[in-house]
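The values are calculated or read from the model by the stated rules, or taken from the named source; none is laboratory data. Small disclaimer: the values here were computed from a predicted structure and weren't measured. Here the Cβ is made from the backbone with ideal geometry for all residues, glycine too, and neighbour counts use every protein chain on show. Heavy atoms of the whole protein, side chains included, go into the accessibility calculation; ligands, DNA and RNA do not. Shrake-Rupley method; radii C 1.70, N 1.55, O 1.52, S 1.80 Å.
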Amino acid sequence: MRSHANAQGICYLTLVNSALVHYHEIALKRGNRPYFVRLLRQNLATSVHDLGLIGIKHLPARLLLNFEAAANLEEIRHRLQGVFGVANFSLVENCPVDLEVLKARILNALDARPFSSFRVETKRSDKTFPLTSPQINREVGGFIKARSGARVDLKNADLTVSIEILPDGVFFSFEKIAGAGGLPVGASGRAVSLISGGIDSPVAAYRMMQRGCRLTFVHFHSVPYLDKTSQDKTRDLVRQLTRHQFASRLYLVPFGEIQRQIVASVLRPLRVVLYRRMMMRIAEAIARKEKASALVTGESLAQVASQTLANLAVIEEAASMPILRPLVGMDKLEIIDQARRIRTFEISTIPDQDCCQLFVPRHPATKARLSDVLDAESRLDVPALTQLAVEKAEVEEFKFPPVRQR
Ligand code: ATP
Ligand code: MG
């Protein structure tokens, strides 16, 4: 709490650190809207619980988060930007329903800000407030203009003063911050994400979380045939992605032995397709354990030989769960662009030894025939290899915000 004196010298208390969160109206308007809002509220609470959160209040079409006065606003801003389901938010001052107090508070808060033009934008949800929104705009605008000397500019203002009149109080802010959009994580069930350490799969994971999926991660590695770099990168990627779903489980699956057996009995051009089919089977077995109902990959049509329509169909045949490929219609530059924005690109581009490079030819088959693939697989004990891989997988847990060691 901070205390201020208003124009008449009357002292009053303010709760300075609040965030007013607006969620995606359209997606939440259907019958189960209260469920979505509850989930969003839970996720918001998890994301900032360690930053002096006092409580979260339900307001009409918004959520109000109240923080202690000493809270770290920069960190709060950063965390809220990562929560799916948020359309936008503002860090706001909350004041009593009184126009004179509001004007004084705004002026006080503007003290350190340089601006030569401004506009006032009011939303009045509490219709019992005596003035209409245009009247409030004029009153507050006239007051700021007289005290600051800045001019009013409705189109290109340096500064927008946003005022919201709600039954709970009056809120104002100077900045609307874009949220991560989408749906609250958990709203769309659970899926298993195949994550490689490359550029594409983390972007695919992000896009599915943004649609409300909670993900369990599965990574295949070829230790001891290759080194551990891909595992370390994957851990860093999962850590980064966990910012959006707050808790993640990662399965690290030893894949080298399976690859060795495939290599021993399958002609070179078909190997990559067989690797992929085994990955799908193992991921599906893990999905069943995790009560997940779909698999997610970073495949993008025709990006590499294993991603032609013909090969995707043969790979898909090995799994019975739906395989979600959110990048299927994106081109590489678009994917890279998003990888940079979600901060996975720097991790993905660290050199590593990826398991798919092991024992594969320069020119794999682009049109694998299912009959050839089934014939090759008949020489392997597919169920036993699948089961062994699941049993030998190591499991790691990730939390965000990270749990502090005492
Ligand atoms: P990425 O950048 O995600 O590695 P990519 O363009 O390199 O994709 P591929 O290597 O053909 O494409 O892999 C296609 C998809 O298969 C990946 O996006 C990922 O979902 C899955 N995948 C590939 N290798 C692995 C692995 N080692 N562990 C887990 N999943 C993998
Ligand atoms: Mg790859």
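Residues in region 288-296: is at least one in contact (Cβ under 8 Å) with a residue 12 or more places away in the chain, closer than 25 Å to Gln357 by Cα and small (Gly, Ala, Ser)? Please lay out each step first, then the result.
Filtering region 288-296 for residues in contact (Cβ under 8 Å) with a residue 12 or more places away in the chain gives 289-296.
Imposing the further condition that a residue be closer than 25 Å to Gln357 by Cα reduces the set to 295-296.
Within this subset, residues satisfying the condition of being small (Gly, Ala, Ser) are none.
Among the residues of region 288-296, not one is in contact (Cβ under 8 Å) with a residue 12 or more places away in the chain, closer than 25 Å to Gln357 by Cα and small (Gly, Ala, Ser), which makes the answer no.
Quick one: which of Ser90, Ser125 is hydroxyl-bearing (Ser, Thr, Tyr), open to solvent by less than 20 Å² (accessible area, probe 1.4 Å) and in contact (Cβ under 8 Å) with a residue 40 or more places away in the chain? Walk me through it before giving the result.
Values: Ser125 fails: open to solvent by less than 20 Å² (accessible area, probe 1.4 Å).
The unique qualifying residue is Ser90.
Filter region 183-195 down to residues that are in a loop (DSSP other than H, G, I, E, B) and buried (at least 24 other Cβ atoms within 10 Å of the Cβ) and give me whichever is nearest to ligand 2 (Cβ to nearest atom).
Of the residues in region 183-195, the ones in a loop (DSSP other than H, G, I, E, B) are 183-189, 195.
Cutting the leftovers down to buried (at least 24 other Cβ atoms within 10 Å of the Cβ) gives us 184-185, 195.
Numbers: Pro184: 30, Val185: 25, Ile195: 10 Å.
Selected residue: Ile195.
With respect to Phe174, is the statement that it is open to solvent by 10 Å² or more (accessible area, probe 1.4 Å), away from ligand 1 (no atom under 11 Å from the Cβ) and not assigned by TED's automatic domain parsing to the domain that holds Glu74 true? Break it down into steps so the answer makes sense when it comes.
Details: open to solvent by 10 Å² or more (accessible area, probe 1.4 Å): yes; away from ligand 1 (no atom under 11 Å from the Cβ): yes; not assigned by TED's automatic domain parsing to the domain that holds Glu74: no.
No.
Take the residues of region 302-315 that are surrounded by fewer than 17 Cβ atoms within 10 Å (Cβ to Cβ) and more than 23 Å from Leu237 (Cα to Cα): which is nearest to ligand 2 (Cβ to nearest atom)? I'd like the intermediate steps shown before the answer.
The initial filter retains those residues of region 302-315 that are surrounded by fewer than 17 Cβ atoms within 10 Å (Cβ to Cβ), namely 302, 304, 309-310, 313.
From the residues that got through so far, the ones that are more than 23 Å from Leu237 (Cα to Cα) too are 302, 309-310, 313.
Details: Ala302: 15, Leu309: 19, Ala310: 19, Ala313: 20 Å.
It comes out as Ala302.
Report the residue count in region 210-228 for those that are outside any loop (DSSP other than H, G, I, E, B) and over 20 Å from Tyr275 (Cα atoms).
From region 210-228, those outside any loop (DSSP other than H, G, I, E, B) are 210, 214-221; that's our starting set.
Pick out the ones that are also over 20 Å from Tyr275 (Cα atoms) and you get 210, 214-216.
Residues in region 210-228 being outside any loop (DSSP other than H, G, I, E, B) and over 20 Å from Tyr275 (Cα atoms): 4 in total.
Give the residues of region 357-381 that are outside any loop (DSSP other than H, G, I, E, B) and open to solvent by 20 Å² or more (accessible area, probe 1.4 Å), sorted by residue number.
Filtering region 357-381 for residues outside any loop (DSSP other than H, G, I, E, B) gives 357, 370-377.
Selection gives Gln357, Leu370, Ser371, Asp372, Leu374, Asp375.
Identify all residues within region 251-301 that are open to solvent by less than 40 Å² (accessible area, probe 1.4 Å), closer than 19 Å to Arg207 by Cβ and away from ligand 1 (no atom under 11 Å from the Cβ); write none if there are none.
Hits for region 251-301 are Ala287, Ala292, Ala294.
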